[in-house]
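**Q** Sharing a structure with you now.
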Amino acid sequence: MNPSQSARSTERAGQRVCVFSDHHQACAAAADWIALSVRENTERRGRAVLGLATGATPLPVYSRLIELHRLGRFSTEHVSTYNLDEYYPISPLDPLSYRAYMHLNLFQHLDLPANRTHLLDGTTPEEFVDDHCKQYDRWIEAEGGLDLQLLGIGRNGHIGFNEPTDLGEPRAMALPTRRIPLHPTTRQDAVREFGSIDQVPTHALTLGIQPILAARSILILAFGSSKREAVQAALTGPATSRVPASLLRHSAERVVWMIDDSCAEGWCD
Ligand code: PGA
């Protein structure tokens, strides 16, 4: 699929940026892109490995994938999924866990074998967290790597829960999957789900920058004025661990941004 058929396509920091008039169009194009990746990789190597995201942004993408599945145009029979992140600690049975989100909004509606949906486990005892995260990276490698990583972006420029840091670029790019303290902006944004700041977990488990950058294709979505500053910084500012999404330019030829007019206003018109 060529997303530029329904969008303005441009380039920033070596990455393709598709600007859609509204986010529904962008999400439909993103779902088509994912479905095509699954078809091509299944034909090529007998399976497809998807890195998936949570939050408000990808919800219309998942609705469209479910619709494609019902129409007989999208099968996940040979797909494995690895989610980007999970709160810590949290039970998978907690309705606010990302495991519950994925079950509710995607997994239960597809022909996806339950033992091929992977999320970091928010119940892992603290002393085993490092091993668990290392193992998650090894599982992905053992699957032959991620064919496609779907991403959103935080208002502070985070990808997954890789929050802004002062690390030098090489060290930031090598960050593995790990437990992190959540940034105050991220916790504030999570109040809409958790109800109050005291209820928002202080920590999370996140896929590292390194495995994200290693994906064979990266699709990042950002919609609305609240993401404008972060996206502009990621695409027009310097590459810095203070804006983790700006590090995507190190995989530039494999990255596609899908954004809407509201996000692009004033810097990518
Ligand atoms: P959102 O979160 O989709 O809920 O805006 C995106 C993110 O924080 O990565």
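**Q** Residue check: is Ala35 without any contact (Cβ under 8 Å) to a residue 60 or more places away in the chain, assigned to a helix (DSSP H, G or I) and under 19 Å from Gln149 (Cα atoms)?
**A** For Ala35, the condition - without any contact (Cβ under 8 Å) to a residue 60 or more places away in the chain, assigned to a helix (DSSP H, G or I) and under 19 Å from Gln149 (Cα atoms) - is met.
**Q** A follow-up question, please. Kindly evaluate Val191 against the criterion of being modelled with pLDDT of 95 or more, among the hydrophobic types (A, V, I, L, M, F, W, C) and surrounded by fewer than 20 Cβ atoms within 10 Å (Cβ to Cβ).
**A** So Val191 passes the test.
**Q** Of all residues being in a loop (DSSP other than H, G, I, E, B) and within 26 Å of Trp33 (Cβ to Cβ) in the range 176-218, which is nearest to the chain's Cα centre (by Cα)? Just the residue, please.
**A** Going through the qualifying residues, I end up with Leu207.
**Q** So how many residues does the range 194-233 have that are of a type outside the set (Ser, Thr, Tyr) and within 21 Å of Thr177 (Cβ to Cβ)?
**A** Going through the range 194-233 one residue at a time, the tally reaches 17.
**Q** Could you tell me whether the range 76-96 includes any residue that is surrounded by fewer than 23 Cβ atoms within 10 Å (Cβ to Cβ), under 18 Å from the mean Cα position of the chain (by Cα), within 16 Å of the ligand (Cβ to nearest atom) and part of a loop (DSSP other than H, G, I, E, B)?
**A** Within the range 76-96, one or more residues are surrounded by fewer than 23 Cβ atoms within 10 Å (Cβ to Cβ), under 18 Å from the mean Cα position of the chain (by Cα), within 16 Å of the ligand (Cβ to nearest atom) and part of a loop (DSSP other than H, G, I, E, B).
**Q** Restricting the search to the range 144-171, which residues are more than 10 Å from Gly51 (Cβ to Cβ), within 12 Å of the ligand (Cβ to nearest atom) and not in a loop (DSSP other than H, G, I, E, B)?
**A** Scanning the range 144-171 gives Ile159, Asn162.
**Q** Right, another one. Those residues that are aromatic (Phe, Trp, Tyr) and within 13 Å of Leu112 (Cβ to Cβ), I need them from the range 27-65; list them, please.
**A** Residue satisfying the conditions is Tyr62 alone.
The values are calculated or read from the model by the stated rules, or taken from the named source; none is laboratory data. All values derive from a computational prediction rather than experimental measurement. Please note: Cβ atoms are built from the backbone with ideal geometry, for glycine as well, and neighbour counts cover all protein chains shown.
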